[in-house]
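This report refers to the structure that appears directly beneath it.
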Amino acid sequence: MQQEPLVLLGGHMCDARILGTQISEFSKDRMVVVPPVMTGRSVPEYIRGLLDQLPAKFAVAGYDLGGFGAMELLHKVPDRVTRIALISTHALADTPQESAAREADITKARAGCGHMVIEERSLAAIGNGAERVGALQILRDMAAGLGPNVMVEQLRAIQKRSDQQSTLRKCRVPAAVICGELDPLTQPKRHEFMATLIHYASLHVIPNAGHYPTLEQPDMINAALREWLVQPMVLH
C-alpha cells in the first residue's frame, strides 16, 4: 500500500538541515516534500504560495515556525491534511510583550547583529545532551546562510500570526504534539495545552532536549513521528 506523502516545514532561521534526520528516515518509504524556507509578509501568504506545489493529500509535520505553517494548512485546506504533527511550537498569537521583544530582534538584525540574536537564543534554548555542540554549529550555519533579510521577514510573520486554537479544536485527523522537556521557548506546558485542544492527540515530551529536539534527540523524534504515521487516519 502506498504511503501518504509527508510535508516537513522547518523553523525560524532554519533550512532543511533542521529536519535532516527526519528527511533521511522517512524518505525510505514515502514521498517527503520539504518546501523552501518560509519568507513573505505573513504565514497565510507563504502557505497560499505553497498550495499548488503540495500533493493532493498529505501528512504535515511542522517544527517551530513550521508549526504555524502546519496549523495554517489545517485551517486553510483541512480536506487535504491527512494528519498533523506539531514540534516545538504553539497555537497562540504573540502577546504584546512577545511582539515587542521580536521588534528589538528586528532592529538588531537590520543593524547587522542578527547572528548575536541567534547565538543567544540557541545557547539558552538547547539542552545539555551529547548532540549539543554539533547542533549549535548547525544552527549557526543555517542562520548565517539565510541572512538578516530572511530573519526580519520571518520575525514579522511570527508577530502577525493568528491564534489557531479553534483550528486545533476542529482537528479530526491523527495528531502528534512533540517538545523537548527542557525547552524554555515553547515550554512543555504549551504543548500540553495544544494536546488538550485536539481530539485524540498524542503528546511526546522528549527527555534531555531543549527547543531543537530534531537535532538533539533525532531518534526519539523519528520514533514519535513513526508512531503518528501509523495511526488510523479516520477519527471520530
Accessible area in the full protein assembly, largest first, 1.4 Å probe, for 205, 173: 205, 173
Anisotropy class of the range 1-137 from Cα gyration tensor, a/c 1.5 cut: oblate
Accessible surface of residue 95 - all protein chains present, 1.4 Å probe, nearest 10 Å²: 50 Å²
Rounded accessible area of residue 28 (nearest 10 Å², 1.4 Å probe): 150 Å²
Normalised convex hull volume, the range 59-207, alpha-carbon set, Å³ per residue: 113 Å³
Cross-link partners of residue 57 among lysines (Cα-Cα below 24 Å; sequence separation of 8 or more within a chain): 28, 76, 170
Carbon plus sulfur fraction of accessible area for the chain, probe 1.4 Å, in percent: 55 percent
About the Cα centre, charge dipole magnitude for the range 41-195 (Lys/Arg +1, Asp/Glu -1 at Cβ), debye: 500 debye
Residues of the chain: accessible area per residue with a 1.4 Å probe, Å²: 45 Å²
Residues residue 21 and residue 123, FRET efficiency given R0 of 25 Å [Cβ-Cβ distance, rounded to 0.05]: 0.70
Isotropically averaged projected area of the range 38-77, using the convex hull of Cα atoms (one quarter of hull area), nm²: 2.6 nm²
At 1.306 mPa s and 10 °C, Stokes diffusion of the range 142-200 via Kirkwood alpha-carbon radius, µm² per second: 115 µm²/s
Fluctuation leader among 11, 129, 180 - the chain, Gaussian network, Cα springs under 10 angstrom: 129
Residue 24 - accessible surface, heavy atoms, 1.4 Å probe, Å² rounded to 10: 70 Å²
Label-point separation, residue 93 to residue 48 (7 Å along Cα→Cβ), nm: 1.8 nm
Two-site label geometry, residue 113 and residue 136: point separation in nm, points 7 Å out along Cα→Cβ: 2.1 nm
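The values are calculated or read from the model by the stated rules, or taken from the named source; none is laboratory data. In this text, all values refer to a predicted model and were calculated from it rather than measured experimentally. All Cβ positions, glycine included, derive from the backbone under ideal geometry; neighbour counts span all protein chains shown. Ligands, DNA and RNA are excluded from the accessible area calculation, which covers all protein heavy atoms including side chains. Shrake-Rupley method; radii C 1.70, N 1.55, O 1.52, S 1.80 Å.
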